[in-house]
């Protein structure tokens, strides 16, 4: 039945009416068949009166689409396919569908139902799983939790020091981004909202948005613009990965790397600021290209700084791998097996650390990644060490990539005109952000307006991975496991 | 052990000399404090800059004068691109913080206004200020750039300023984000848990005015309606230097 699906490439527009519409039973069978054959669910958005399924075929680099009319009851597939669990909860919350036989049918984000005053307490009414017995106790943390960090509620079910189960209740950061974009024109505001979906992934999300718009309007970017975008995206990855290595060092109490990497993360952000004036790359990616160009002098400056900071990062990272007491905390802590990673549909470094060879830069190539490929950085242990080491591999490869792109920056313009959006078309845009594959689903209406805008941050798929990783660990290992995933709250809550 | 010592030697010292020395240079493309050249402005007849502003930061006030509200501004620079008369430009000035909401409005070329906490709280907090950070719908950009102050580059600890885990150990809150409806109760509870006297710092356009999300019913459009604010730090996100300078100004630790 999955053979009936419409198959498209990344950013390839497709007229809405060409996506086959099945009845609910066939739709669910097709979905199950797809997941059985190794496809992964990427998004399950509501598009007008339909529900759309977006499945990813990583090896072929294709997306499989099917739709069905909205219905009242959805027999849950989450027990057989755990990767469906968060998306089914989202679906139920957004369009009032009843979930049948879902293992834990609670709202995903606690959308304020009408913005009323009394709704501020609604999110606190989450029905957590319970466990009873001698020495069983619960630890409740959040939404305001230690450190300078976004809010979320974590409920630990503990037996003595051992963590039996972690339940994560999010939604505190919900700002109504998708709703604000429904039935809007693509303007400056759209791009700015994309930059704030997750502030630390400004470039990743803005690129996903712009690629979708460019796909829909058949806009062909200049090679120079593509390369500058790739430089910005890889700088974002390096800065965040360096920061994460430092944060993990901090959580195992290893001060030297924590201190060095804390500074170096900022140093890489400052290189992004040389490109566009903003440390998070705001304003650099625009529909049709990039807003800022590089001249020979700036290129030289950036190359020098990237190389210099990379030397310092190398030294800081190698201190970690040479230190037995650091490794003792990282190795065999928070293990997610390859089988479980696949079942949960994990993405990004978290998936690659468990041995899944997936990376949208390779599987769904766009822009500069088409002409210049990057190897996929994979490790096999699935533990905290694996997630740290994959980050280190990616830092090295991204730095090489940045230097090569800067050195060989092709000539040409940086902006191409973008025409009006065509009517009733759909495009899906995948970008490998530093946390994993970002997915944007863009659907246009009758007059070429944005009818539906769906954002799926990799965190939506990866939060359940964290909950699984900490099972059976001591509760004191939660911080290091959490840092090894470093997921987005606002990217999840939107 | 010897390797980590050698690494420490090799990495060197990176703490900035500010405030004893001049602040580090901002990147050439950095967009700091806006400057308005009123003479060139076409006045009420033209609304190009207002129409393009994604957060409604620009408006002509009664006399036809153009005013830019930094509390709303996202520093995107779109207005500088549409204005044919080059009325607005963003300078390299990173000192943006203000103690009064009105002081964030820029009408012409004006130096930053002095700001200072009242005597009682200034005396209490000048040598030791503990803050609890609350992200209420923030996108993690303001949060990250606040976090950066704890690194060796800015070394906030040398001023006696520290971020603490419990609001009960804190002297005040540093709030980011437009205050999502879902975080409102938690924010108010955290504020209530801070012992008196206390201060509140609004960091970023979202916290000050709701920023991009002013019109979203899922947010309360900033903390202004919820809490008494002592320090406004504009930006999207503010540069770490802007936040640092604001904090030091508040405690009267640097001259302006």
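The values are calculated or read from the model by the stated rules, or taken from the named source; none is laboratory data. From a predicted model like this one, the values you see are computed outputs, not experimental measurements. Glycine gets a Cβ as well: all are built from the backbone with ideal geometry, and neighbour counts include every protein chain shown.
So here's what we get for this one:
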read-out: Residues satisfying the stated conditions in segment B:157-176, i.e. under 23 Å from residue A:243 (Cβ atoms), within 11 Å of chain A (Cβ to nearest Cβ) and surrounded by fewer than 22 Cβ atoms within 10 Å (Cβ to Cβ); value: B:163, B:164, B:165
read-out: Scan of segment B:158-168 for residues that are under 22 Å from residue B:252 (Cβ atoms) and in a helix (DSSP H, G or I), ordered by number; value: B:158, B:159
read-out: Tally of residues being in contact (Cβ under 8 Å) with a residue 60 or more places away in the chain and either farther than 21 Å from residue B:154 by Cβ or more than 8 Å from every other protein chain (Cβ to nearest Cβ) (or both) across segment B:29-41; value: 7
read-out: Criterion: assigned to a helix (DSSP H, G or I) and outside the structural domain of residue B:213 (by TED's automatic domain parsing) - qualifying residue of B:73, B:49; value: B:49
read-out: Lone qualifier among B:52, B:79 - being surrounded by 21 or more Cβ atoms within 10 Å (Cβ to Cβ), within 12 Å of chain A (Cβ to nearest Cβ) and in contact with a helix residue (DSSP H, G or I) (Cβ under 6 Å, 6 or more places away or on another chain); value: B:79
read-out: Selection count where residues are more than 19 Å from the chain's Cα centre (by Cα) and more than 9 Å from every other protein chain (Cβ to nearest Cβ), scope segment B:194-219; value: 4
read-out: Qualifying positions in segment A:100-126 - part of a loop (DSSP other than H, G, I, E, B) and modelled with pLDDT under 85; value: A:111, A:112, A:113, A:114, A:115, A:116, A:126
read-out: Evaluation of residue B:150 against (1) surrounded by fewer than 21 Cβ atoms within 10 Å (Cβ to Cβ); (2) closer than 22 Å to residue B:172 by Cα; (3) away from chain A (no Cβ under 14 Å) (one fails), failing number; value: (3)
read-out: Positions within segment A:186-207 being closer than 22 Å to residue B:135 by Cβ and outside any helix (DSSP H, G or I), in sequence order; value: A:196, A:197, A:198
read-out: Matching residues in segment B:1-27 - criterion: being out of contact with any helix residue (DSSP H, G or I) (no Cβ under 6 Å at 6 or more places or on another chain), surrounded by 10 or more Cβ atoms within 10 Å (Cβ to Cβ) and without any contact (Cβ under 8 Å) to a residue 12 or more places away in the chain; value: B:3, B:5, B:6, B:8, B:10
read-out: Residue match in segment A:153-162 (condition: over 27 Å from the mean Cα position of the chain (by Cα), more than 20 Å from residue B:220 (Cα to Cα) and assigned to a loop (DSSP other than H, G, I, E, B)); value: yes
read-out: Subset of segment A:60-99 (residues that are in a loop (DSSP other than H, G, I, E, B) and over 22 Å from residue A:428 (Cα atoms)); value: A:71, A:72, A:76, A:77, A:78, A:79, A:80, A:81, A:96, A:97
read-out: Matching residues in segment A:375-388 - criterion: being under 19 Å from the mean Cα position of the chain (by Cα) and surrounded by fewer than 24 Cβ atoms within 10 Å (Cβ to Cβ); value: A:376, A:377, A:378
read-out: Top-ranked residue in segment A:138-172 [being at the interface with chain B (Cβ under 8 Å from one of its Cβ atoms) and surrounded by 19 or more Cβ atoms within 10 Å (Cβ to Cβ); ranked as farthest from residue B:181 (Cα to Cα)]; value: A:148
